[in-house]
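K.L.:
Input: one structure, supplied below.
The values are calculated or read from the model by the stated rules, or taken from the named source; none is laboratory data. Note that the coordinates shown come from a computational prediction; the quantities given were computed from them, not determined experimentally. Cβ placement follows ideal geometry from the backbone for every residue including glycine, while neighbour counts extend to all protein chains displayed.
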Amino acid sequence: MISGHMTTSSRRMASSRLLNVVGILALVGVAFTVWLGLWITPNAEYFGNLVRLLYIHPPMAWVAFIAYGMAFLSSLLYLWPRTRDLRLDRLAGASAEVGVVFTGLTLATGSIWGRPTWGVWWTWDPLLTATALLFVLYLGYLALRRVPGERETVARRSAIAALVAFVDVPIVYFSVSWWRSLHQPPTVDLSGRHLYVHGSMAWTLLLGFVSFTLAYVWLTARRYRLAALSDREAEEGLSRAIDERRAEAESFV
Amino acid sequence: MSPYVEAGYLVVLVSLSSYAISLFARERAARRRLRPGNRSEDSGMKSE
């Protein structure tokens with residue numbers, strides 16, 4: 001029992017240490033991305049100084065996709081009876097929340113890019129509309145998670161909602177190829193393996209992708225921990241309430 | 001430097017830092033509530 005407890009405790013310490021390393025790497029990586037992106041990389045021929053927004057905008061969208069992918073996968077595994085585990089539900093919720101933050105930042109940085117290049121803060125372009133819909137869908141998912149109910153019921157309905165919401169993710173990615181769009185094609189074209197930037201610009205963009213992905217891992221892990229604490233708090237609250245009611249009933253007898 | 005570029009970086013850095021700080025604060029508050037000594041006085045607090 002004691003050795004089991006020590007193993008759990010040492011495992012927790014190791015995971016905390018790993019999480020700290022990820023956090024520090026993310027912080028250093030983001031700092032370097034900002035430094036390279038703002039002061040070291042050259043201006044672009046066509047976009048001039050505005051090209052510097054490139055080092056943050058695509059990584060925001062990329063991280064949002066990863067976050068929703070993780071929420072989708074965890075929800076799928078949760079719904080599968082053989083792998084059903086509340087930890088997967090927590091992971092889905094944590095990942096989706098971080099995804100919403102990054103989708104909000106994708107929309108914000110896209111809008112900041114759109115004003116000087118297209119002349120408008122917002123337009124009902126297919127990509128922008130699909131991204132805004134993605135944001136709203138996952139906000140709805142997070143709201144659904146807060147609707148009271150039995151823990152398992154909440155987890156099951158949230159998992160179904162996560163699967164439904166994920167349908168919009170490929171629509172967002174392929175919308176620039178499927179419809180005529182104001183938005184340029186993806187900077188990193190996964191299907192054709194093309195990269196539309198080169199040299200220090202490409203390295204800075206790559207560093208941006210890696211750093212913000214690490215930031216996603218760190219934020220999701222912290223959000224997961226918070227969800228685990230909240231679950232524990234709710235469980236303890238429930239057992240305390242049951243004990244109190246029992247004590248009340250015994251005092252009447 | 002274009003003000004749009006500065007605004008873009010500022011929005012990203014401020015938002016992510018604020019979110020990270022809020023997670024820290026909420027985690028600390030949850031841990032404090034779960035500490036055995038705080039149970040009775042915090043019993044009315046709503047869980048997250």
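K.L.:
Which count do you get for residues in the stretch A:214-231 that are touching a Lys or Arg at 6+ places or on another chain (Cβ under 7 Å) and within 15 Å of A:A64 (Cα to Cα)?
P.N.:
0
K.L.:
While we're on this one: In the stretch A:39-52, what residues are of a type outside the set (D, E) and either modelled with pLDDT of 95 or more or over 25 Å from the mean Cα position of the chain (by Cα) (or both)?
P.N.:
A:W39, A:I40, A:T41, A:P42, A:N43, A:A44, A:Y46, A:F47, A:G48, A:N49, A:L50
K.L.:
Criterion first (charged (D, E, K, R), within 24 Å of A:R180 (Cα to Cα) and touching a Ser or Thr at 6+ places or on another chain (Cβ under 8 Å)) does A:D125 satisfy it?
P.N.:
Values: charged (D, E, K, R): yes; within 24 Å of A:R180 (Cα to Cα): yes; touching a Ser or Thr at 6+ places or on another chain (Cβ under 8 Å): yes.
So A:D125 passes the test.
K.L.:
Can I ask one more? Kindly indicate the residue of the stretch A:45-73 that is more than 14 Å from chain B (Cβ to nearest Cβ) and touching a residue at least 40 places away in the same chain (Cβ under 8 Å) and also surrounded by the fewest Cβ atoms within 10 Å (Cβ to Cβ) among those meeting that condition.
P.N.:
Per the criteria, the residue is A:G69.
K.L.:
Another one. Which ones in the stretch A:94-129 are within 12 Å of another protein chain (Cβ to nearest Cβ) and of a type in the set (D, E)?
P.N.:
The answer is A:E97, and nothing else.
K.L.:
Just to verify a result, which residue in the stretch B:14-29, among those that are within 7 Å of another protein chain (Cβ to nearest Cβ) and not charged (D, E, K, R), is nearest to the chain's Cα centre (by Cα)?
P.N.:
From the stretch B:14-29, those within 7 Å of another protein chain (Cβ to nearest Cβ) are B:15-16, B:19-20, B:23, B:26-27; that's our starting set.
The next check asks that each one be not charged (D, E, K, R); those that pass are B:15-16, B:19-20, B:23.
Working: B:S15: 11, B:L16: 11, B:Y19: 6, B:A20: 6, B:L23: 4 Å.
Taking the candidates together, the pick is B:L23.
K.L.:
Here's something else I'd like to know. Restricting to the stretch A:215-253, give me the number of residues that are facing another protein chain (nearest Cβ under 10 Å) and farther than 30 Å from A:V98 by Cβ.
P.N.:
3
K.L.:
For the stretch A:144-158, give me the residue count where each residue is closer than 15 Å to A:A96 by Cβ and charged (D, E, K, R).
P.N.:
Here the count works out to 3.
K.L.:
Select from the stretch A:162-185 the residues that are farther than 15 Å from A:T129 by Cα and under 16 Å from the mean Cα position of the chain (by Cα) and list them in ascending order.
P.N.:
A:A162, A:L163, A:F166
K.L.:
Looking at the stretch A:119-136 only, could you name the residues that are assigned to a helix (DSSP H, G or I) and either of a type outside the set (S, T, Y) or in contact with a strand residue (DSSP E or B) (Cβ under 6 Å, 6 or more places away or on another chain) (or both)?
P.N.:
Answer for the stretch A:119-136, where residues must be assigned to a helix (DSSP H, G or I) and either of a type outside the set (S, T, Y) or in contact with a strand residue (DSSP E or B) (Cβ under 6 Å, 6 or more places away or on another chain) (or both): A:P126, A:L127, A:L128, A:A130, A:A132, A:L133, A:L134, A:F135, A:V136.
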